[in-house]
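Asks: Below is one structure. I have some questions about it.
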Amino acid sequence: MRFAARVEVRLRPGIADPEGATIERALPALGFEGVHDVRAGRSFRFEVDAADEQEARRRAGEIAHRLLANPVIEDSVLELEPAGPGEPD
Amino acid sequence: MTVADGEPLHRSLGLTDGEPLHRSLGLTDGELASVEEVLGRRPNHLELALYAVMWSEHCSYKSSRIHLRRLPTDGPRVLVGPGENAGVIDAGDGIAVAIRIESHNHPSAIEPHQGAATGVGGILRDVFTMGARPLAVMDPLFFGPLDSARQRWLLEGVVGGISAYGNSVGVPTVGGELTFDPCYSGNPLVNVLCLGALPVERLVLGRASGPGNLAVLLGSTTGRDGIGGVSVLASAGFGGEREGAADDAKRPSVQVGDPFEEKRLIEACLALLDAGLVVGIQDLGGAGLACATSETAARGGVGMDVDVSAVPCREPHMAPWEVMTSESQERMLAIVTPAAWPEVAELCRRWEVRATAIGTVTEPEVTPGGPVGRLRVLEGAGGAVLADIPAASLADDAPLYDRPRAAPAGLADRLADDPTGSEPAGDCGAELVALLADPSWAYRQYDHQLFCNTVVGPGGDAALLRLAGPGLPPSERGMAVTTDSAPRWCAIDPRAGTSLVVAEGVANLACVGASPVAVVNCLNFGNPEHSEVMWQLSEAIDGLAEACTAFGLPVIGGNVSLYNESAGTDIDPTPVVGVLGLVDALRARPPGVGLAEGASVVLLGRRSDGGPGHPHPLGGSRWAVEGRGRRGGKLPGLDLAAHRAACELVAALVAEVAGAPPGGTGLGGGDGGDGGDGPMVAVHDVSGGGLGLALAEMAIAGGVGVRARGIAGHAELFTELPSRFVVATHEPGPLVARAEAAGVPAAVLGAAGGRSVVMEGADGSALVDLQLAELAGSWRDALPSRLDAPTEGAGNARG
Amino acid sequence: MAARIAVVVFPGTNCEHDVAAAVERAGAAASLTWHRDRDLGQADAVVLPGGFAHGDYLRPGALARFSPVMEAVAGFAAGGGPVVGICNGFQILTEAGLLPGALVKNRGLRFVCAPSRVRVDSERSAVTAGVAVGTVLSIPVNHFSGSYVCDARTLAALRDGDQVVLRYLENPNGSVDDIAGVANAAGNVVGLMPHPERAADALLGSTDGLVLLAALLAQAAGVRAA
């Protein structure tokens, strides 16, 4: 089976996020008042072949943990859903 | 010979069937007739697309070529002059230096980050195509005033794009210029110069030879980004600053740069050249494969068959005309013998660079008029012939226009509107402060030190680099480069203004001890269909030719960027001149700009204009234009012989310091930075902002105050009379004597020292009396405060 | 015989020639080691130079840590061999887990290439052994992601273990505790954001970088002798 994975990587709480802070500071100038706690992050999408959802979750989670996020500074959140049958390349 | 019908280009371009295709592609009816004459038949759609991109203003220089012929291009050091990818000079010690300048104005106006980034990528390819390793980049930039959010966005984006691409690809950005004027509000200018060096024997030219050899495409895949890009972007002006709609329509043509791909491409190509594995090599720039294949074939007097189906594409279902004209970045075309191909493929694999054989070199066809190499576009090797044209016709048969020229209406009024004398003096101190701006906000974002060659980097009069790099023979020499421009002068008198710009470049080189050896130019002008723009262009080229001839400098390359206009208004004429210089022995740091406590301050060069006008002309000066909004008047005169004498004297004095063995005459140990106790401890040329600005910048750079006396009012403080230098010395007597022996006037103005900057009039009254700390603070904050950005980085005030 | 320094080259590395020239100026023999090599040869010390390995895509150093050569580097470090990462090399060593903490985007969100002054704060590292604590060196920085971060426990451990090698006098990037360089607990693996190879020639304005490179060479010679 093929599963569609989406991994969101964001800085861990407590790690300075100058990008988020800069965006937050710019918002009032554009007329967006009352916006708080802006955090910048990154999102990755990929498809993974696996026998079942459990295996897909394990493999995608490892990709997220070992490569996409640096656990010293970042957390990752994985979302997974079936992507239909795999096609031969 | 039958040629298959091309793609239904009308439909893929989204055109109505009513509009003649050639006009939609930018070809005139006359140009279509020329194509039909070349081919002896009607072109199909693919062929029409090839001619349209290659005969665009950007690729063909059809409006400027007849004028560019007036430039001097020969010299004893010239190895390669204009017309190749870059000019090359012999620098001695078995080392050749390649140099090139280009504009990326229109792409940067639409997407400043990617526009500027891909401008850097493009110029690097021009240089390593010659076999040279790119060693330095410089960026002259022109924007509207920063009180507009759009201008701040453009500046941030352009500087960020140069930083992101240049730093990552691994070529230091060692200088540039930053100019703000309302004429650039709708059309910013982003020029980029690249300098590279190579062992002389590695010099290669972009030509194909040897029928049966393979044309190999290296690097990135080909996508729809930048289809017809240069012709669309570079040959059309913009709407006004606020008219975003037109720009949005052009946005798909902007390419995205990948500096990592380019870095691998540089290493792979230089390794291929070192191993002698390629016959010829050519970068893919404007007009993509159409240009690279036709140019290499034409230069080699051969033909080429190109299989479009073999080109690795980024997107499915790309039409042949899209493949042939795509300007996807980071691609090169190499000509390789079949025997060498496996080794080429293996070397490219090591650098993780894609290499695909996409065509073959063919014998030229024998015709009554001589051999004619044909460019044929095929669908599959041996498949249908989609296009079949004489390769050379894309370049050689391009139209050549002598467009009407006329001096602008109102020129006489402008020249008569002279601020000299008529514009009253003000608070000289405040006016001086308003002219000061530290450009380090920009250059701190550029790696300017990579290769450990940068002896004088951004912020100096000229960049001074060791003539060294990976793979080069050892040398003690140095190379220096500067880019200069003065649109405020050229708007008044493009001919005299351009001569003055060349003179300023030569003076800047003298400040780092270099003798000029060659010139490149980037001519940024408005719409050539306006007769006054063509007049400006022609005059500027004459001014460039006159100055280069007088200084014995060959023009070894250039770029013409036209259609710089917005809402029907042309930019001021903006010729940018790059001057390359050499230093025979670079063993110690040159004196630099910073004053030293206790040194005498000497002005070398004339105190006043010897001509019939005012002794201190202010026409075209920064004081008049920026401070008073007076854009007319008369430019100061340029005495080419006197200029040459002054520059040679200064260059010799500086070269004596820089050529001294380490720890020798006049130098500290090096760790303390510039200068020391020798005959010359600082030097700076007098240019924009005049004597006042030169003294202020020298005081700030040295962290030492100055007192100058006997200055004939605001006019002498701010006049931009050329051919003058301020020198700081502990031995004023011998220096003045040496200047006089060289026929260069010299006058002791005062001395450096203390914590204040004082410039006194002839009657002893203070024209300027400011605290150094206050002056330095204004200088440092000028740019960040306009950008509303906090000051970054370490607090080192040295320029 | 001169100490042998392996300078590791990833695709996108750009300071390898500068580092090789500087260590040779300091008296060592340098050789370039390609990232696909699994063997460091007879190296007495390893330098991971600056640049943009793999284009800095994903995160600086994130992809380089998976290059085959990194197993050899980790093995060399585990055996006590001196390993120094400069700038991008420092980022790679933290991503590879050979040094604690991480390097994130500069506080100002801009690249910074500028002179910097740093103070030697530990004598226990491969680049500062024999250099007096408190010595101030002028060595340029050149980075976009040079802001050192780590959690409070790691920071305390770094301080307690005398692992903070260099601190900025004027912090250019927002690094925690002004940290410009750290070492592992043993002191043989060091990461530096300043570029000592850019301060190794009076012609360029400073020779202070040679202080660190000379200390590294002395350590490398010690490895040989052992």
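Asks: Looking only at region B:628-643, how many residues end up being surrounded by fewer than 20 Cβ atoms within 10 Å (Cβ to Cβ) and part of a helix (DSSP H, G or I)?
Replies: Of the residues in that region, 4 qualify.
Asks: Of the residues B:S499, B:S475, only one is over 24 Å from B:G161 (Cα atoms), within 14 Å of chain C (Cβ to nearest Cβ) and either assigned to a strand (DSSP E or B) or among the small types (G, A, S) (or both); which? Break it down into steps so the answer makes sense when it comes.
Replies: Numbers: B:S499 fails: within 14 Å of chain C (Cβ to nearest Cβ).
Criteria check complete, one pass: B:S475.
Asks: Filter region B:579-592 down to residues that are away from chain C (no Cβ under 14 Å) and either open to solvent by 10 Å² or more (accessible area, probe 1.4 Å) or in a loop (DSSP other than H, G, I, E, B) (or both), then give me how many there are.
Replies: Step one: of region B:579-592, the residues away from chain C (no Cβ under 14 Å) are B:579-582, B:584.
Retained after the next criterion (residues that are either open to solvent by 10 Å² or more (accessible area, probe 1.4 Å) or in a loop (DSSP other than H, G, I, E, B) (or both)): B:582, B:584.
Residues meeting the conditions: 2.
Asks: Continuing with the same structure: How many residues does region A:17-49 contain that are in a loop (DSSP other than H, G, I, E, B), farther than 24 Å from A:L80 by Cβ and open to solvent by 70 Å² or more (accessible area, probe 1.4 Å)? Quick ask: steps written out before the conclusion?
Replies: The initial filter retains those residues of region A:17-49 that are in a loop (DSSP other than H, G, I, E, B), namely A:17, A:31-40.
Filter once more, keeping what is farther than 24 Å from A:L80 by Cβ: A:17, A:31-38.
Keeping just the survivors that are open to solvent by 70 Å² or more (accessible area, probe 1.4 Å) gives A:32-33, A:36-37.
Qualifying residue count, region A:17-49: 4.
Asks: Please enumerate the residues belonging to region C:1-31 that are assigned to a strand (DSSP E or B) and surrounded by fewer than 16 Cβ atoms within 10 Å (Cβ to Cβ).
Replies: Residues of region C:1-31 assigned to a strand (DSSP E or B): C:4-9, C:13, C:29-31.
Of everything in region C:1-31, those that are assigned to a strand (DSSP E or B) and surrounded by fewer than 16 Cβ atoms within 10 Å (Cβ to Cβ) turn out to be C:A29, C:S31.
Asks: On the basis of being of a type in the set (A, V, I, L, M, F, W, C) and not in a loop (DSSP other than H, G, I, E, B), does C:V165 make the cut? Before you say what the answer is, go through the steps one by one.
Replies: Details: of a type in the set (A, V, I, L, M, F, W, C): yes; not in a loop (DSSP other than H, G, I, E, B): yes.
The answer is yes for C:V165.
Asks: Determine which single condition B:P211 fails, assuming it passes every other condition in (1) on the phi < 0 side of the Ramachandran plot; (2) at pLDDT 85 or above; (3) open to solvent by less than 30 Å² (accessible area, probe 1.4 Å).
Replies: Just one mismatch for B:P211, condition (3).
Asks: Just to be sure, is B:D461 under 17 Å from C:L204 (Cα atoms), more than 10 Å from chain C (Cβ to nearest Cβ) and acidic (D, E)?
Replies: Values: under 17 Å from C:L204 (Cα atoms): yes; more than 10 Å from chain C (Cβ to nearest Cβ): yes; acidic (D, E): yes.
Considered against the rule, which asks whether it is under 17 Å from C:L204 (Cα atoms), more than 10 Å from chain C (Cβ to nearest Cβ) and acidic (D, E), B:D461 comes out as yes.
Asks: Looking at this structure, is B:T420 on the phi < 0 side of the Ramachandran plot, assigned to a loop (DSSP other than H, G, I, E, B) and touching a helix residue (DSSP H, G or I) at 6+ places or on another chain (Cβ under 9 Å)? Can you show your working first?
Replies: Working: on the phi < 0 side of the Ramachandran plot: yes; assigned to a loop (DSSP other than H, G, I, E, B): yes; touching a helix residue (DSSP H, G or I) at 6+ places or on another chain (Cβ under 9 Å): yes.
Yes: the conditions hold for B:T420.
Asks: Moving to a separate point now. Has region B:135-144 got at least one residue that is more than 14 Å from chain C (Cβ to nearest Cβ), at pLDDT below 95 and outside any strand (DSSP E or B)?
Replies: No, there is no match, as no residue in region B:135-144 is more than 14 Å from chain C (Cβ to nearest Cβ), at pLDDT below 95 and outside any strand (DSSP E or B).
Asks: Within region B:522-557, how many residues turn out to be more than 23 Å from B:P404 (Cβ to Cβ) and buried (at least 24 other Cβ atoms within 10 Å of the Cβ)?
Replies: 6
Asks: Against the definition (more than 14 Å from chain C (Cβ to nearest Cβ), of a type outside the set (A, V, I, L, M) and open to solvent by 70 Å² or more (accessible area, probe 1.4 Å)), how does A:E79 come out, yes or no?
Replies: Numbers: more than 14 Å from chain C (Cβ to nearest Cβ): yes; of a type outside the set (A, V, I, L, M): yes; open to solvent by 70 Å² or more (accessible area, probe 1.4 Å): yes.
Here the answer is yes, as A:E79 does meet what is asked.
Asks: Keeping to region B:597-612, report how many residues are assigned to a loop (DSSP other than H, G, I, E, B) and open to solvent by less than 30 Å² (accessible area, probe 1.4 Å). Outline the logic, then answer.
Replies: Let us first name the residues in region B:597-612 that are assigned to a loop (DSSP other than H, G, I, E, B), namely B:597-599, B:605-612.
Among the residues that remain, those that are also open to solvent by less than 30 Å² (accessible area, probe 1.4 Å) are: B:599, B:605, B:609.
Residues that pass the stated criteria total 3.
Asks: Among the numbered criteria (1) hydroxyl-bearing (S, T, Y); (2) open to solvent by 50 Å² or more (accessible area, probe 1.4 Å); (3) under 13 Å from B:L394 (Cβ atoms), which single criterion is violated by B:T28?
Replies: The number of the failed condition is (3).
Asks: Would you mention how many residues in region C:180-226 are assigned to a strand (DSSP E or B), within 14 Å of chain B (Cβ to nearest Cβ) and in contact with a Ser or Thr (Cβ under 6 Å, 6 or more places away or on another chain)? I'd like the intermediate steps shown before the answer.
Replies: We begin by selecting, within region C:180-226, every residue assigned to a strand (DSSP E or B); these are C:180-183, C:189-192, C:201, C:206.
Those still in the list that are within 14 Å of chain B (Cβ to nearest Cβ) too: C:180, C:201, C:206.
Remaining after also requiring in contact with a Ser or Thr (Cβ under 6 Å, 6 or more places away or on another chain): C:206.
Of the residues in region C:180-226, 1 are assigned to a strand (DSSP E or B), within 14 Å of chain B (Cβ to nearest Cβ) and in contact with a Ser or Thr (Cβ under 6 Å, 6 or more places away or on another chain).
Asks: Considering each of C:V120, C:V131 in turn, give the residue that is away from chain B (no Cβ under 13 Å) and either of a type in the set (S, T, N, Q) or touching a strand residue (DSSP E or B) at 6+ places or on another chain (Cβ under 6 Å) (or both). Lay out the reasoning, then the answer.
Replies: Working: C:V120 fails: either of a type in the set (S, T, N, Q) or touching a strand residue (DSSP E or B) at 6+ places or on another chain (Cβ under 6 Å) (or both).
After applying the criteria, what remains is C:V131.
Asks: Take the conditions touching a helix residue (DSSP H, G or I) at 6+ places or on another chain (Cβ under 6 Å), of a type outside the set (S, T, N, Q) and not in a helix (DSSP H, G or I) and apply them to B:V726. Does it pass?
Replies: Values: touching a helix residue (DSSP H, G or I) at 6+ places or on another chain (Cβ under 6 Å): yes; of a type outside the set (S, T, N, Q): yes; not in a helix (DSSP H, G or I): yes.
Yes, satisfied.
Asks: Anything in region B:705-745 that is within 14 Å of B:V650 (Cβ to Cβ) and buried (at least 22 other Cβ atoms within 10 Å of the Cβ)? List them, or say none.
Replies: B:P722, B:S723, B:R724, B:F725, B:V726, B:V727, B:A728, B:T729, B:L735, B:A739, B:V744
Asks: Would you mention how many residues in region B:449-472 are touching a Leu at 6+ places or on another chain (Cβ under 6 Å), open to solvent by less than 10 Å² (accessible area, probe 1.4 Å) and part of a loop (DSSP other than H, G, I, E, B)?
Replies: 2
Asks: Another question, then. Sort out for me the strands (runs of 3 or more DSSP E) sitting completely within region C:32-138 that have 3 or more residues that are over 26 Å from A:I15 (Cα atoms).
Replies: On the way: elements: C:45-48, C:83-86, C:102-104, C:112-114, C:117-120, C:136-138.
In region C:32-138, the matching strands (runs of 3 or more DSSP E) lie at C:45-48, C:136-138.
Asks: Sort out which residues of region B:473-489 are small (G, A, S), over 22 Å from B:V625 (Cβ atoms) and open to solvent by 10 Å² or more (accessible area, probe 1.4 Å), and write them in order of number. Let's see the steps before the verdict.
Replies: Our first condition is that a residue be small (G, A, S); within region B:473-489, this holds for B:475, B:478, B:480, B:485-486.
Adding the requirement that they be over 22 Å from B:V625 (Cβ atoms) leaves B:475, B:478, B:480.
Correct list: B:S475 only.
Asks: Same structure again: Taking region C:156-188 as the region of interest, how many residues are open to solvent by 20 Å² or more (accessible area, probe 1.4 Å) and hydrophobic (A, V, I, L, M, F, W, C)?
Replies: Summing the residues that are open to solvent by 20 Å² or more (accessible area, probe 1.4 Å) and hydrophobic (A, V, I, L, M, F, W, C) in region C:156-188 gives 6.
The values are calculated or read from the model by the stated rules, or taken from the named source; none is laboratory data. Since the model is a prediction, treat every value here as computed from it, not as a measurement. As a convention, Cβ positions derive from the backbone with ideal geometry for all residues, glycine included, and neighbour counts pool all protein chains shown. In case anyone asks, the SASA skips ligands and DNA or RNA and just uses the protein heavy atoms, side chains included. Shrake-Rupley method; radii C 1.70, N 1.55, O 1.52, S 1.80 Å.
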